[in-house]
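What follows is a set of notes on a single structure, which appears directly below.
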Amino acid sequence: MHESADDAEYRAAVADILGVLAYGELMAFERLAYDARMAPTLDDKAALGRLATAEFEHFAALATRLSDLGIPASAAIEPFVEPLEEFHARTAPSDWAESLIKAYVGDGLMRDFYREVTRVLDAETRVVVEKALADTEHVTFLAERLRRIMAEDPRCAGRLALWARRIVGEALLQARLVATRREALVRLLAGGRGVDLSAAFDRIIQAHAGRMAAIGLAA
């Protein structure tokens, strides 16, 4: 494991990790703010506004860490704009319930993936990333609203389960591309104390199954 921000290859890998995570947080901010238009109540709109604000604060913290490392945030983010925008274009929700499932499933997978890679980061960077990933209010709100929707209309459960599976497939595809196409990142993850990606993806899928069970759906 590299522990020095002065190591050029380590810096390149950290730029990738922080860059893709920062853009994911920025897009989550945009998506939550946009999806609030579909919220059925003012309370729901306000709740999504709070969640969107939290996502932007995460983005700002990650961008600041990149700046502290002497890496422009825009340069770190740029390689990941196309794959992440493609993911969101391919998984655009058609209604309020689908938007909630996308946030619940997609963000959960993203957070689990980056928790797996934090073990290869230096201590200071790891603290910043872990703070960005530790958003329990987000999960609690989404799970509660999804359970309420399915209690009111049990017939929608099957449709939402299928939608969740599509989100998983698209998210894992993009995560694998991100994890294998950036050379410095690949070397860091595969180092002597790196990440076993196969085992990591197994754990991610298990965690996803647990989240789905928490809202009464099969993975």
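Miscellaneous remarks
- The alpha carbons of region 1-77 occupy a box of 51, 21, 14 Å along the principal axes, longest dimension given first.
- In degrees, nearest ten, helix 123-133 long axis to first principal axis of the chain (Cα): 10
- Three-way shape label, region 115-165, alpha-carbon gyration tensor, a/c 1.5: oblate
- Model label points for Glu124 and Ser67, set 7 angstrom from Cα along the Cα-to-Cβ axis, are 1.5 nm apart.
- Simple point charges give the picture: +1 on the Cβ of Lys and Arg, -1 on the Cβ of Asp and Glu, and for region 72-219 a dipole about the Cα centre of about 400 debye.
- Electrostatic tally near Ala164: other residues with Cβ closer than 12 Å to its Cβ, Lys and Arg +1, Asp and Glu -1, net +3.
- Helix 73-90 axis, angle to the chain major axis (alpha carbon atoms, nearest 10°): 30
- The long axis of helix 197-214 is offset from the longest Cα principal axis of the chain by roughly 20 degrees.
- Computed from the Cα positions only, the extents of the chain along the three principal axes stand at 55, 33, 27 Å, in decreasing order.
- Sulfur and carbon atoms: percent of accessible area, the chain [1.4 Å]: 55
- For the chain, the per residue solvent-accessible surface stands at 46 Å², with DNA, RNA and ligands left out and a 1.4 Å probe.
- For region 147-180, applying the loop criterion from DSSP together with a ceiling of 10 other beta carbons within 10 Å to the trypsin sites (Lys or Arg not before Pro) yields Arg155.
- Overall shape of region 79-173 was characterised from the C-alpha gyration tensor. The equivalent ellipsoid obtained from it has semi-axes of 28, 17, 10 Å, in decreasing order.
The values are calculated or read from the model by the stated rules, or taken from the named source; none is laboratory data. Remember, it's a predicted structure, so these values are computed and weren't measured experimentally. Ideal geometry is used to build each Cβ from the backbone, glycine not excepted, and the neighbour counts take in all protein chains shown. For the accessible areas, the whole protein counts, side chains as well, though only heavy atoms, and no ligand, DNA or RNA atoms are used. Shrake-Rupley method; radii C 1.70, N 1.55, O 1.52, S 1.80 Å.
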